[in-house]
Ligand code: GAP
């Protein structure tokens, strides 16, 4: 992972936000290549899910035909939206504070292990946030606490396995023996407290409590709030999906693992509205369709998995949820991180925005009420049911929600693409080669154009070719240093093809085209370059 992070900074994929002022935790800037990569990820998603969808034919695995459209909603919406959706009351994480270091941690992110402290005649739960080399980090913490050296490692008497802080506090009955991740004395962590993840802001100049608004923590609610507008302004018939790509904000307690858990990130979400009798089939369709998309985009292999949630893991409104997960290199072996969730949300969302905040009572969703019988959070009162004029039926559509993170997908594509092999250098000597094996659709630069040398008419022809290709693709011109080094520079940023103008080009109008992955070079006519590159899967 360190190599990937270093490459991202060195070659301009990702920078820490506000780095010149020491950085801002949980915020990331995409550099010149990163912006192209992430845009390609979002464009591929939008194109494959919305633009190229043909509503006249039944896609493979789908229960029938369906339509797709899009929206671009505001980041700040009416605060009542978050009250009815449940985010205002329920979008919490538990956090603990350290009274000694004044640091704040997400309760379930702290890992630790009990170790015997003979001097205190008790067990201390030493802790860390490190998930990759947890045991090593715990050993370092324990040695530091006992004032021991590395060579004294065998003096540590461990008890039980590594576990999370919630499990340890449950088994030890409190935080008295817990040594916080950065603390010097045990017992400085507070009891866990709830922390709402929505960022607050103020609308207008008065700044009273009534002017409080929230930065959206998901794009989905803008789609539900516009369901009626879309139905009224288009001829879309159920089943149909509304897609949206945009920023979301969550005040994560412990942002970490590069861009994986950020405080500002982008989501790519679809809310798919269907008849309740067909929702189970549509759920299965979207789950499989979305999983197949990641494979098509290059995440094939054992690092990608589809995990169906068990009954206890489901949200109170969900009748089925699956996560698409990727084994990111910063996770411990065997652990996977969520890329996308596909949820069967029933009629929860549309009913919430009609009636008000709902809670589960037995198997039913009912309006949550205050002790005086009034709704806790009142809905819009607008009719968000759907009338099918063919069947003459009125119903509240069910929703299937494939919700993906653009930054997590981009990070997974980067991690999967990172490859090291051995390839001959310009002198024919085998050298280690680092390259990014992006799918050509995702590669920031599709092709690089080089004159072999800066003379004999080659730069003039290469410049012409560059100009022609630039009308169609993102291409790069390079005439600096030996051609072998130029190839390496492009390999390292994942450019799938390098086109070289050489002596033969001047004679017969052909160029070489080199494949990043196979290193094979072919000669083709320069006039056929556009068609050739297009056929190579952009
Ligand atoms: N509307 C449903 C929803 O927002 P979610 O599982 O909370 O569901 C969906 O988020 C996706 O958004 C996740 O699968 C992940 O890819 C991305 N995501 C969520 N929180 C994130 C964070 N803090 N940083 C980066 N991506 C995040």
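Each value in this text was obtained by applying a stated rule to the coordinates, not by laboratory testing. Here the structure is a predicted model, which is why all the values come from computation and not from measurement. Cβ coordinates were reconstructed from backbone atoms using ideal geometry, including for glycine residues, and neighbour counts include every protein chain displayed.
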Taking only the Cα positions of the stretch 168-213, the convex hull volume per residue in Å³ is 133 Å³
Here the stretch 246-382 gives, from Cα atoms, an Rg and Dmax in Å of 17.9, 56
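What Kirkwood hydrodynamic radius do you get for the stretch 485-532 when you take the inverse of the mean 1/r over all pairs of distinct Cα atoms, in Å?
On the way: mean 1/r = 0.0894 Å⁻¹.
When all Cα pairs of the stretch 485-532 are included, the Kirkwood radius is 11.2 Å.
Taking the Cβ-Cβ separation of residue 159 and residue 482 as r and a Förster radius of 60 Å, what is the calculated FRET efficiency to the nearest 0.05? Walk me through the intermediate numbers first.
Working: r = 60 Å, r/R0 = 0.99.
Result of the calculation: an efficiency of 0.50.
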Once R0 is set to 56 Å, what does the formula 1/(1 + (r/R0)^6) return for the Cβ-Cβ distance between residue 383 and residue 191, expressed as a FRET efficiency to the nearest 0.05?
0.80
With label points built 7 Å along Cα→Cβ from the Cα atoms of residue 233 and residue 202, find their separation and express it in nm.
3.2 nm
In Å, what is the Rg of the alpha-carbon atoms in the chain, and how long is Dmax?
27.5, 90
At 0.36 nm per residue, minus the direct Cα-Cα distance, what do residue 21 and residue 531 gain on full extension? Give it in nm, one decimal, please.
178.9 nm
Between the modelled labels at residue 468 and residue 521 (7 Å from Cα along Cα→Cβ) the distance in nm is 2.0 nm
Using R₀ = 30 Å, calculate the FRET efficiency as 1/(1 + (r/R₀)^6) where r is the Cβ-Cβ separation of residue 393 and residue 369; round to 0.05.
0.50
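Grab the Cα-Cα distance for residue 455 and residue 420, subtract it from 0.36 nm times how many residues apart they are, and report the gain in nm with one decimal.
Details: separation 35, 0.36 × 35 = 12.60 nm, distance 3.37 nm.
Gain on stretching residue 455 to residue 420: 9.2 nm.
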What is the fewest-to-most order of 523, 39 by other Cβ atoms lying within 10 Å of their Cβ?
523, 39
How fast does the stretch 360-462 diffuse by Stokes-Einstein, in µm²/s, taking the Kirkwood radius from C-alpha pairs at 25 °C and 0.890 mPa s?
113 µm²/s
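From Cα pairs below 8 angstrom and at least 6 apart in sequence, can you work out the relative contact order of the chain, rounded to a whole percent?
Working: 1033 pairs, mean separation 68.5, N = 538.
Reported relative contact order: 13 percent.
Rank-order 444-451, 375-382, 421-428, 182-189 by packing density, defined as the average count of other C-beta atoms within 10 Å over each peptide's residues, highest first. Could you put the intermediate results ahead of the total?
Details: 444-451: 24.4, 375-382: 15.6, 421-428: 11.5, 182-189: 17.6.
The peptides rank, most packed first, as 444-451, 182-189, 375-382, 421-428.
In deg cm²/dmol and to the nearest 500, what is the mean residue ellipticity at 222 nm of the chain if only DSSP H runs of at least 4 residues count, each as -39500 (n - 2.57), divided by the residue total? Can you show the working numbers first?
On the way: 15 runs with 144 residues, N = 538.
When only DSSP H runs of four or more count, the value is -7500 deg cm²/dmol.
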Between residue 149 and residue 209, what length comes free when the chain is fully extended (0.36 nm per residue of separation minus the Cα-Cα distance, one decimal in nm)?
16.2 nm
Between residue 116 and residue 51, what is the label-point separation in nm under the 7 Å Cα-to-beta-carbon projection?
6.6 nm
Enumerate the residues in the stretch 205-242 having an amide nitrogen under 19 Å from the point lying 7 Å beyond the Cα of residue 58 toward its Cβ.
237-241
